[in-house]
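Heads up, the thing below is written out as structure tokens.
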Amino acid sequence: KKTIKKKMVREVLTLNVGQCGIQLGQAVWEQYCAEHGITVKGDNPSTHDDGTFECFFEETGAGQYVPRNLMVDLEPNVIDDVKNSKYSNIFHPEFLLAGKEDAANNFARGHYTVGKEMIDKVNDRLRKLVDNCENVQGFIVNHSVGGGTGSGLGALMLERIAVDYRKKSKLGFEVYPSPTISTCVVEPYNALLTTHWLLDHTEVSVVLDNEAIYEICQKNLDIKRPSYDNLNRLIAKVISSMTASLRFEGELNVDLNEFQTNLVPFPRLHFMITSMAPVVTKKKMETQRCDIQGITETC
């Protein structure tokens with residue numbers, strides 16, 4: 001009988017808050033599933049992986065892989081979309097939390113009024129996720145800072161995590177609003193208030209500028225009118241390359257704490273800009289030069 005040497009997995013939990021966070025999270029999990037050969041039903045027929053990816057996926061008794069993931073929104077529409085999506089079967093329905101009324105793009109509603117009523121339920125689910133782990137190494141939080149839920153409830157959740165799991169690192173992917181493509185007038189206020197909370201409650205914040213990503217889609221990928229799907233896929237590639245060292249075995253195994261150690265000079269100055277190269281279409285790929293020099297220049 002062959003015994004499998006079980007090594008301790010240091011789990012990373014992903015939290016997605018608000019419409020932007022959930023749609024982004026969905027794109028990220030699709031990317032992870034594609035990379036690890038996990039099917040739409042959650043099986044993993046490909047055996048080339050050595051199980052390192054279990055820091056992001058949890059294996060159930062039936063041999064299905066479930067993402068260590070919590071999606072929270074104050075209105076049900078976006079979560080319903082996830083439940084009806086292609087990958088709906090891999091998510092555990094208990095960790096898709098939807099409220100009744102949304103925060104209406106208002107930080108105060110997401111943080112003090114509607115969010116306050118829901119935060120205990122969120123805490124409870126988060127505690128369940130943590131109990132299913134052997135040794136949590138940290139949290140990844142996807143949310144936007146311009147809306148109501150992602151900003152208000154996102155800040156509230158980060159605050160609670162800071163209290164409950166003091167030593168764990170929190171890595172935030174924050175989508176900042178752009179002045180040209182604006183969905184609501186009060187985005188700057190929400191962003192300002194959230195950034196004030198992020199100063200104290202995340203260890204590393206990766207700032208994703210919506211406008212810059214729109215430009216990348218238009219200039220490099222020749223998409224005249226980029227949809228949220230296009231943006232999310234680009235961001236998913238970036239997030240997946242940041243967490244690749246955690247999910248795949250290899251020489252370069254970066255801990256979540258190491259991101260903080262290597263990138264943050266002062267605790268409050270932790271807002272990072274991320275870049276990725278090459279971003280080109282299939283057609284341009286044939287004529288593009290892809291040596292190190294070229295990639296560095298495009299970055």
Residue separation between residue 116 and residue 77 times 0.36 nm, minus their alpha-carbon distance, gives in nm 12.0 nm
For residue 272, the residues 5 or more places away or on another chain with a placed amide H closer than 5 Å to its own amide H are 205, 206, 207
Using 0.36 nm times the number of residues separating residue 185 and residue 283, minus their current alpha carbon distance, what extension gain do you get? 31.4 nm
Taking all protein chains in place and a 1.4 Å probe, what share, in percent, of the accessible surface of the range 12-116 do carbon and sulfur account for? 46
Probe 1.4 Å, all protein chains present, accessible-area order of 29, 197, largest first: 197, 29
Lys pairs in the range 84-170 with Cα under 30 Å (8 or more apart in sequence, or on separate chains) total 18
Heavy-atom accessible area of the range 161-299 with neighbours in place, 1.4 angstrom probe: carbon+sulfur share in percent works out to 58
Cα centroids of the range 248-291 and the range 154-180: how far apart, whole angstrom? 20
Would you work out the relative contact order for the chain, in percent, from Cα pairs under 8 angstrom that are 6 or more residues apart? 20
Not counting ligands, DNA or RNA, and with a 1.4 Å probe, what is residue 229's accessible surface area in Å² rounded to the nearest 10? 80
How much area per residue is accessible in the chain when the probe is 1.4 Å and only protein heavy atoms are counted (Å²)? 51
Cβ-Cβ FRET estimate between residue 135 and residue 86, R0 fixed at 30 Å, reported to 0.05: 0.40
Quick calc, residue 60 & residue 257: beta-carbon distance into FRET formula, R0 25 Å, rounding 0.05, result 0.30
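The values are calculated or read from the model by the stated rules, or taken from the named source; none is laboratory data. Just so it is clear, the model here is predicted, and its values are computed rather than measured. All Cβ positions, glycine included, derive from the backbone under ideal geometry; neighbour counts span all protein chains shown. To get the accessible areas, we keep the full protein, side chains included, count just its heavy atoms, and leave off ligands, DNA and RNA. Shrake-Rupley method; radii C 1.70, N 1.55, O 1.52, S 1.80 Å.
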